[in-house]
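S.K.: Before anything else, here's the structure in question.
The values are calculated or read from the model by the stated rules, or taken from the named source; none is laboratory data. Predicted model only: the values in this text are computed from it and were never measured. All Cβ positions, even for glycine, are placed from backbone atoms using ideal geometry, and neighbour counts span all protein chains on display. The area values use the complete protein model at the heavy-atom level, side chains included, leaving out ligands, DNA and RNA. Shrake-Rupley method; radii C 1.70, N 1.55, O 1.52, S 1.80 Å.
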Amino acid sequence: MRVLILSKYIYEECLPEFNKNKTGFGSMVKATAESITQYDDVGVLTRVITQGGKLDKYTLIKHTWSDVLKSITIKSLCQSIVEAIGHEDSIKNKLKFLYFNLDIGLTKKIIKEFKPQIIHIHGIGESSKIYIDICDEMHIPYIVTLHGLIGLDSSILAPKINVDFEKDFLQLSEKRNIPVSVISSGMKQRIITNYGLQKGDNINIITNGTNTELDGKVYSKIRETYNIPDENEIIICLGNITKRKNQIQVVEAISRLKEDTRSKLTILFVGNDELNGTLQKRIYDLGLKDNFIICGFIENKEIPSYFNESKLNIVASLDEGFGLSMIEGFVYGVPTITFNDLDAIEDLYNDKAMILVHERSTEALSEGIESALKKNWDKKYIQKYSELFSLKKMSRKYHDLYENIVESWEMRE
């Protein structure tokens, strides 16, 4: 089957134009594209300007300024300018909106040339709305995957127009039976509850996957890299340093541990700092500079080395559609401590691989960390458990869903 993935961007470390947005979303879209190639012929089209080309497993479709300009007509230019001027948003977002509209002609041209049997749209917002409108106009079956819910997370500062569209689209999708997929059971339930859906039968749950193949991996020596004492246990917190990821509460929780426990811990924060030094300041204010290392962004290929030497993974996010680092940790036998109200807990929880904190207090998180450190975890069991969340299983579910959508579409047509 020919599948065209449409996404605002992806993360592709081998290409400069695609390694600026270092996010879990971008990495997951890439992983999805690569994994489903075992069943389908996959092309990826983004809003990023690129010469494209055939990558290791999928085709990155050429998308240049020259191509965009050639596809613009005087009518589409005038209409796009008028709509952008009337767009209720900042100047920066008005310009983005103008670009998205001017890109419509080229997107249609690429779809006609690629001839997809189904289009897979990732994310929701103005960019996705235009993709959806194009699919409707061209009568091509499509599915929209949501990796998170911007309208139900107060820690995400999204433009109001995107928040409104998320709600409007999800309500409309049920009425029109538009296929939607989400990455956790909790996400689906929140959509039904907060957006007033009846049953959400059009919403499919396909949890994220990760590479569970360990054979032949060579790990970097993290202890030597950061000069971590042999007697210290390493805790990892993976994800960009943001309000939503809630790393500051992790610092507060560690500060409440007994001195003899805390003195033998090294906590690694792996990800870009988007809080302008606030986290570092709190670490110093609490006198914990010897316990924490802020590693910055680490390339995906190096992440296994960090998990390989970690005792525990902490996910303290205020909101999390899935929590990819949990299953990434499982692959290396690393258990996770997290809060019980995150969306993916129903899909991920296993008492032999996780400890849940049932209260959003710093004291409860601190007690949970202490319990996790004392528990005798079965590393091999956790590694075996990770196989439930392999990329192979995820891609098979997407492929089967594609086939069902196309079959239903053909019957309806």
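S.K.: Given an 8 Å cut-off on Cα distances and at least 6 residues of separation, report the relative contact order of the chain as a percent. Can you show the working numbers first?
M.R.: Numbers: 691 pairs, mean separation 59.0, N = 413.
Normalised by residue count, the contact order of the chain is 14 percent.
S.K.: Turning to a different aspect of this structure: Report the residue, chosen from Lys22, Lys188, Lys375, that carries the largest GNM mean-square fluctuation when the chain is represented by alpha-carbon nodes joined by springs under 10 Å.
M.R.: Largest GNM mean-square fluctuation: Lys375.
S.K.: Work out the length of the dipole vector of region 135-195 about its Cα centre, built from +1 on the beta-carbon of each Lys and Arg and -1 on the beta-carbon of each Asp and Glu, and round it to the nearest 20 debye. Each step should come with its number before you reach the end.
M.R.: Details: 6 positive and 7 negative charges, 42 e Å.
Using Cβ point charges on Lys, Arg, Asp and Glu, region 135-195 gives about 200 debye.
S.K.: Determine the shape class of region 132-206: with a ≥ b ≥ c the square roots of the Cα gyration tensor eigenvalues, call it rounded for a/c under 1.5, and otherwise prolate if a/b is greater than b/c, oblate otherwise.
M.R.: On the way: a/c = 1.72, a/b = 1.25, b/c = 1.37.
Oblate shape, in that a/c is at least 1.5 and b/c is the bigger or equal ratio.
S.K.: Can you compute the FRET efficiency between Trp65 and Lys22 using 1/(1 + (r/R0)^6), with r the Cβ-Cβ distance and R0 = 25 Å? Round to the nearest 0.05. If you can, show how the numbers build up before the last one.
M.R.: Working: r = 24 Å, r/R0 = 0.96.
So the FRET efficiency works out to roughly 0.55.
S.K.: In region 194-295, what trypsin sites (Lys or Arg not before Pro) fall in a loop by DSSP, with at most 11 other Cβ atoms inside 10 Å? Walk me through the numbers on the way to the answer.
M.R.: Values: sites: Lys199, Lys217, Lys221, Arg223, Lys243, Arg244, Lys245, Arg256, Lys258, Arg262, Lys264, Lys281, Arg282, Lys289; in loops: Lys199, Lys217, Lys221, Lys243, Arg244, Lys245, Arg256, Lys258, Lys264, Lys289.
Qualifying residues, ordered by number: Lys199, Lys221, Lys258, Lys289.
S.K.: Now for a different question. Once the Cβ-Cβ distance between Glu259 and Ser220 is put in as r, and R0 is 25 Å, what FRET efficiency do you end up with, to the nearest 0.05?
M.R.: My answer for the efficiency is 0.25.
S.K.: Region 39-91 to region 331-358: how many Å between their Cα centroids?
M.R.: 39 Å
S.K.: Mind jotting down the distance between the C-alpha centroids of region 146-187 and region 6-24, whole Å?
M.R.: 22 Å
S.K.: Students often check this: by mean Cβ neighbours within 10 Å, which of 6-12, 266-272, 98-104 ranks highest, and how do the rest follow? It would help to have the intermediate numbers written out before the result.
M.R.: Working: 6-12: 23.4, 266-272: 21.7, 98-104: 19.1.
Result, highest mean Cβ count within 10 Å first: 6-12, 266-272, 98-104.
S.K.: Still on this structure, I have one more. Aspartates and glutamates near Lys392 by alpha-carbon distance under 15 Å, same-chain residues fewer than 8 away left out - which ones?
M.R.: Lys392 reaches Glu34, Asp40, Glu213, Glu328, Asp400.
S.K.: Additional query: State the extension gain, in nm to one decimal, for the chain segment bounded by Lys54 and Glu407, taking 0.36 nm per residue of separation less the distance between their alpha-carbons. The partial results should precede the final answer.
M.R.: Details: separation 353, 0.36 × 353 = 127.08 nm, distance 2.88 nm.
Taking Lys54 through Glu407 to full extension adds about 124.2 nm, to one decimal.
S.K.: Multiply the residue separation of Lys289 and Glu88 by 0.36 nm, subtract the distance between their alpha-carbon atoms, and state the gained length in nm to one decimal. Mind showing how you got there, number by number?
M.R.: Numbers: separation 201, 0.36 × 201 = 72.36 nm, distance 4.52 nm.
The Lys289-Glu88 span can extend by a further 67.8 nm.
S.K.: Charges at C-beta only: +1 for Lys and Arg, -1 for Asp and Glu. How large is the resulting dipole of region 1-127 about its Cα centre, in Debye rounded to 20?
M.R.: Values: 18 positive and 14 negative charges, 54 e Å.
Roughly 260 debye, rounded to the nearest 20.
S.K.: State the label only: which of (i) 62, 58, 36; (ii) 69, 55, 41; (iii) 71, 43, 43 corresponds to Cα extents along the principal axes in Å computed from the shown model?
M.R.: Correct label, based on the coordinates given: (iii).
S.K.: On the protein heavy atoms, probe 1.4 angstrom, tell me the percent of accessible surface of region 60-191 carried by carbon and sulfur.
M.R.: Details: 3800 of 6260 Å².
With neighbouring chains kept in place, the figure for region 60-191 is 61 percent.
S.K.: Over 27 Å between C-alpha atoms is what I'm after, so list which of Lys54/Lys115; Lys62/Lys393; Lys115/Lys167; Lys22/Lys352; Lys8/Lys393; Lys20/Lys57 land there. Show your work: numbers first, answer last.
M.R.: Numbers: Lys54/Lys115 17 Å; Lys62/Lys393 30 Å; Lys115/Lys167 30 Å; Lys22/Lys352 31 Å; Lys8/Lys393 25 Å; Lys20/Lys57 21 Å.
With Cα atoms farther than 27 Å apart: Lys62/Lys393; Lys115/Lys167; Lys22/Lys352.
S.K.: Rounded if a/c is under 1.5, else prolate if a/b is larger than b/c, else oblate: which is region 206-323, with a ≥ b ≥ c the root eigenvalues of its Cα gyration tensor?
M.R.: Verdict is oblate for region 206-323.
S.K.: Roughly what would the spin-label model give for Glu274 and Glu233, points 7 Å off Cα along C-beta, in nm?
M.R.: Going by the 7 Å Cα→Cβ label model, 3.1 nm.
S.K.: Order of 308-315, 366-373 by packing, highest average Cβ count within 10 Å first? Please list the in-between numbers first.
M.R.: Working: 308-315: 22.1, 366-373: 18.8.
Ranked from most to least packed, the peptides come out as 308-315, 366-373.
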